[in-house]
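Below you'll find the structure, written out as structure tokens, and then a few comments.
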Amino acid sequence: MKLTYIFIFGLIFSLKINAQTHNDFHQSLVDQVNYENIEENLTDFANFGEKQLGSSAATNALNWMVGLYQSWGYTNIEQHEVNQWGQTGYNLIVTKTGSVYPDTYIIIDGHYDTINGPGANDNGSGTAIILEMARILKDINTEYSIKFIHFTAEEWGLIGSYQYVEDIVIPQNLDIRLVFNIDQVGGIAGDINDTITCERDESSPNYNNSQSADFTNQLMTCMELYSDLDINLSYAYGSDYVPFQEEGFVITGLYEFNESPYPHSSQDTVANVDFDFIHQVAKGTMGALCHFAQAFNVMETDDQNSGSVITFPNPVDKILTVKTLRSGEKQIQLNDLSGKIIFQDVFSDNEFHIDTSKMPDGIYILNILDGKSVSNQKIIVQHK
Ligand SMILES: [Zn+2]
């Protein structure tokens, strides 16, 4: 829930913002966004009750989220202690390591504390979406690292996010590409909720504003490509991206356009949100997160020989080793993403080495062809 109610309704965008194009692989991940999962997780979230900092409901919700992340196989799970007005609670930070830029982060965040009610919309909606993103992306390669962050004490004045920036982001000099905040995207049950507000930074300091505008344009394009929603552009304020924004980081965010009257009351229940709307927001969010973190597919189109080609290390700095169980003569080819052949040779052994030390950093496709089949894999060249 926003702290102030100064609204300028921006233009409704319906045209393509830039040259970003639809990505089939990202669409395949968007297609995995599951209505029932979101409904179930949001219902569980609401059932914990009012989750103010220091409450047992907040602890229960935190432990429940940790359990979900663990059940999906995440291991880099951190709890960051937050203290305010004699109460203690925790931000939850789950990190997924990127393949190309492991030390550069896309942060997707939303608060999980609630005030004066169960907070199904504010911010169970954002919480359930972030959880669904994390579930689907667990074993998906992304070029950038992703931090899934659930902040506490947002409702007390962005306390959890302020303390995170102060305790972790600044001292550790975290390299953050983008902070993508989701707060209150539940819509209103029974209403037509067909528009999502994308928020860009229009406040001081100004030097990060143009990059925020650029990322927000990309967010709007992704919402159009991967959801059924119309887009409203507005400005960012009153949620957990603010502490990052104030330190010069680049932010963007999502907020409902049809603003619910129920947040911060006992009426902010599952019965009063629009799950169809949340599902559409989640689909657009997945498309955007895949785009921001650059999710990519490691292809293995081998039929019966699937897995019979092993490459390592990947990412590679100098020598790429290619191992295969296939006997006989094989053609090996390395292409860049435009299809240009960078390297090719023929080999008969089960092991082959390619010197990548003079190749520019980037993504390449390794093709191995024998008489029967082709296998291709994405290879990342990254010089240390
Ligand atoms: Zn909120």
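Some observations on this one:
- Across the options Gly190, Ser161, Leu178, the greatest Cα extent toward the positive end of the charge dipole of the range 12-296 (unit charges at beta carbon of Lys, Arg, Asp, Glu) belongs to Leu178.
- Distance cut-off 35 Å, percentage of C-alpha pairs in the chain lying past it: 30 percent
- Most to least packed among 61-67, 240-246 [average Cβ atoms within 10 Å]: 240-246, 61-67
- Rolling a 1.4 angstrom probe over the protein heavy atoms with all chains in place gives the range 309-381 an accessible area of 52 Å² per residue.
- Dividing the convex hull volume of the alpha carbon atoms of the range 227-384 by its residue count gives 201 Å³ per residue.
- Accessible area per residue for the range 12-296 is 35 Å², calculated with a 1.4 Å probe on protein heavy atoms, without ligands, DNA or RNA.
- Given Lys138/Lys378; Lys51/Lys283; Lys147/Lys283; Lys138/Lys283, the pairs whose alpha carbons are separated by over 21 Å: Lys51/Lys283
- Highest mean first, the peptides 36-49, 272-285 sorted by other C-beta atoms within 10 Å per residue fall in the order 272-285, 36-49.
- Accessible-area order (highest first, 1.4 angstrom probe) of the listed residues Asp317, Asp109: Asp317, Asp109
- Only helices enter the 222 nm calculation for the chain: every DSSP H run of n ≥ 4 contributes -39,500 (n - 2.57), and dividing by all residues gives -8000 deg cm²/dmol, rounded to 500.
- Convex hull (Cα only) mean projected area of the range 147-211, reported in nm² to one decimal: 6.4 nm²
- For the range 221-238, the Karplus equation 6.51 cos²θ - 1.76 cosθ + 1.60, evaluated at θ = phi - 60°, returns couplings of 4, 5, 4, 6, 6, 10, 10, 8, 7, 7, 10, 10, 9, 9, 10, 7, 6, x Hz by residue, with Gly and Pro reported as x.
- Computed with a 1.4 Å probe over protein heavy atoms only, the accessible area of His383 comes to about 60 Å².
- Each Lys or Arg adds one and each Asp or Glu subtracts one; over the other residues with Cβ under 11 Å from the Cβ of Gln52, this totals -3.
- Rounded to whole numbers, the Karplus 3J(HN,Hα) couplings from phi for the range 247-262 are 8, x, 6, 8, 10, 8, x, 10, 8, 5, 8, 7, 7, 5, x, 8 Hz, using 6.51 cos²θ - 1.76 cosθ + 1.60 with θ = phi - 60°, and x at Gly and Pro.
- For Asn141, nonlocal amide neighbours, meaning residues 5 or more places apart or on other chains whose placed amide H falls under 5 Å from its own, are Phe296, Val298.
- 3J(HN,Hα) from dihedral phi, the range 52-67, Karplus parametrisation 6.51/-1.76/1.60, rounded to Hz, x for glycine, proline: 6, 3, x, 7, 5, 4, 5, 4, 5, 5, 4, 4, 4, 5, 4, x
- For the range 309-381, the C-alpha radius of gyration divided by 2.2 N^0.38 Å, with N the number of residues, is 1.01.
- Nonlocal amide H pairs with Asn181, under 5 Å, H built at 1.01 Å: Asp109, Thr252, Gly253, Leu254
The values are calculated or read from the model by the stated rules, or taken from the named source; none is laboratory data. As the structure is a computational prediction, the values presented were derived from the model and not from experiment. Glycine also receives a Cβ, built like all others from the backbone with ideal geometry; neighbour counts cover every protein chain displayed. Accessible surface is based on the protein model in full, side chains and every heavy atom, while ligands, DNA and RNA are left aside. Shrake-Rupley method; radii C 1.70, N 1.55, O 1.52, S 1.80 Å.
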